[in-house]
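**Student:** This structure is in structure tokens; I'll ask about it shortly.
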Amino acid sequence: MSISSALSNAMSGLTASGRSSEVISANIANAMTPGYGVRGLSLSSSELGGVSVDGIVRNVNPGLLADLRLSSASFENSTVRTDFLSRYENVLGTPDEENSLSARIAEFESSLITAASRPDAPERLTGVVNAARDLASLISGASESLQQSRSDADSTINTQVARLNTSLANVKELNDRITRTIIVGGDTSALQDTRQALVDEISAMVPVRQVPRDNGQIALYSTGGAILLDGSAAEVEFTPVNQVTAYMSVGAGTLSGLTINGISIDISSERGTLGGGSLGAQFEIRDELAVDAQEKLDAVARDLIERFQDPAVDPTLIAGDPGLFTDEGVAFDPLNELGISSRLEINAAVDERQGGEAWRIRDGMNAAVPGEVGDSRLLQSMSDVLTEARSPASGNFGAGAFSVINLVSALTSQLGSDRFQSEQKLSFATTQFDELTMLTLTEGVDTDKELQRLLVVEQSYAANVRMIEAADEMMQTILRI
């Protein structure tokens, strides 16, 4: 080996050591950066001697990353569903809570019994009216809460669709930049880090599978089969509304579904093309969960109205007259059940706030003048009809017969069961997501290993410097001869 060759080899070693220290320092600096892929220097022996730096390699585990993304989507989906069910359960309350729907029913029943024992006491008659008003207000408030949840979901869908389109466009742009950088021989690691973070964000909304393409590009497919990105980015379209009401649905054309590049797609929770993540959960709330909850709540409101508008209960009524509970002041119409829970009110004839008189709760809704103050027959009839077992005409409660309190118990029990099952799914999704996150972090930057590598690089650097010094001494010796 000539002295010049030794000097050339040592210089290439210094270059490799310098690049290695640069990569190691970048790894250590980004040890806490989400989505950062650990870098390594690719080296090979040179045909002319010494070492060649072939480039920087970004090390990630694609299988683990794919599992983490799917787990993230499941976690977001379960979180959104559980939050909705928990909020609705809080609105209705549980039977042990003082202001729950069950407690309001029990309070109304108790007020009827109390008034029937002293029908001459005005304060007891007023107590019945107040208890009925409180019951109607809770049911109508719960209905409004459901429609607000649907409106919030519709607004969130619009926001997420906009984010999805922006993220897909950004991933396409990064695909193009990565390809251009590869062509000119540059390092694409930082660009890939940014692209990975964007794909992670997309997958939380819509679970996707990443497929490698030529020249460093990637394609993205939803687990439901939609092509979101393959060369060009898909355009997802959605039209929001200002306020969702009980009458609005996708089937009726009053609520928007989703289109991809102008083609309508399935948005159901079972077969949704973009389902499985937070976006699919918002559609499930708007079009399924809240709609089913509204249907059951409407059935309870209908049952209340029908029981008390029966002329057999209140002899002052004729067919078509509203009873104690009304549909915004009128009797129940089977053709107008949808959303009736939001319109539930007590009859203005007994409501002093609407110019009525509380004594009509004793003497009848259509009574023109007060009757015998000791007559408790109507109050007793109301108490009896409240506890009478009837088969609900709607709401999918099954074929059994229920009193009002039992019907409400069936509603809240089913809601509690749904919330519990959703919480179980969320617990599993959370555990899985946390475990995969920990596994991903363990494959990230290990600062101890990086410092050990740095010690080796320092030793290599020192050895190459010593080689250069030795070559210089030899050259000086030759020059002095």
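The values are calculated or read from the model by the stated rules, or taken from the named source; none is laboratory data. All values derive from a computational prediction rather than experimental measurement. Cβ sites come from the backbone with ideal geometry, for glycine too, and all protein chains shown count toward neighbours. Heads up: the accessible areas ignore ligands, DNA and RNA and are worked out on the full protein's heavy atoms, side chains in. Shrake-Rupley method; radii C 1.70, N 1.55, O 1.52, S 1.80 Å.
**Student:** Of all the Cα-Cα pairs you can form in the range 1-118, what percent are over 22 Å apart? Provide the component values of the computation, followed by the final result.
**Tutor:** Values: 4702 of 6903 pairs.
Here the tail beyond 22 Å accounts for 68 percent of pairs.
**Student:** What's the center-to-center distance, using Cα atoms, between the range 196-264 and the range 87-114 in Å?
**Tutor:** Result: 43 Å between the Cα centres.
**Student:** Highest mean first, how do 404-411, 437-444 rank when packing is the count of other Cβ atoms within 10 Å averaged over residues? Working shown, then result.
**Tutor:** Numbers: 404-411: 19.9, 437-444: 13.6.
Ranked by mean Cβ neighbours within 10 Å, highest first: 404-411, 437-444.
**Student:** Turning to a different aspect of this structure: If we sort 468-477, 105-114, 316-325 on the protection proxy, mean other Cβ atoms within 10 Å, highest first, what's the order?
**Tutor:** 105-114, 316-325, 468-477
**Student:** Against the longest principal axis of the chain, how steep is helix 404-442, in degrees 0 to 90 to the nearest 10, with axes from Cα atoms?
**Tutor:** The angle comes out at about 10 degrees.
**Student:** For Ala368 and Arg353 in one chain, what is 0.36 nm times their gap in residues minus the Cα-Cα distance, to one decimal in nm?
**Tutor:** Answer, rounded to one decimal: 3.6 nm.
**Student:** Mind checking the per residue accessible area of the chain for me, 1.4 Å probe, whole number of Å²?
**Tutor:** 48
**Student:** Now a separate question. How many angstrom separate the Cα center of the range 268-341 from the Cα center of the range 6-83?
**Tutor:** 58
**Student:** Which one, Thr126, Met32, Val60, projects farthest toward the positive side of the charge dipole computed for the chain from Cβ point charges (K/R +1, D/E -1)?
**Tutor:** Of the listed residues, the answer is Val60.
**Student:** Another one. Among (i) 35.9, 139; (ii) 25.7, 86; (iii) 39.2, 151, only one was calculated for this model; which label is it, if the read-out is Rg and Dmax of the Cα atoms in Å?
**Tutor:** Step by step, Rg and Dmax of the Cα atoms in Å for this structure corresponds to label (i).
**Student:** Let me ask you something else. Cα axis of helix 377-387 to longest principal axis of the chain: angle in degrees, 0 to 90, nearest 10?
**Tutor:** Result, in degrees: 30.
**Student:** Roll a 1.4 angstrom probe over the protein heavy atoms and tell me the percent of accessible area of the chain that is carbon or sulfur.
**Tutor:** Accessible surface attributable to carbon and sulfur in the chain totals 52 percent.
**Student:** Between Glu237 and Thr159, what is the spin-label point distance in nm, taking each point 7 Å from the Cα along the Cα→C-beta axis?
**Tutor:** Calculated label separation equals 2.4 nm.
**Student:** Calculate how steeply helix 189-205 sits against the longest principal axis of the alpha-carbon atoms of the chain, using the helix alpha-carbon long axis, and give the answer as 0 to 90 degrees to the nearest 10.
**Tutor:** 10
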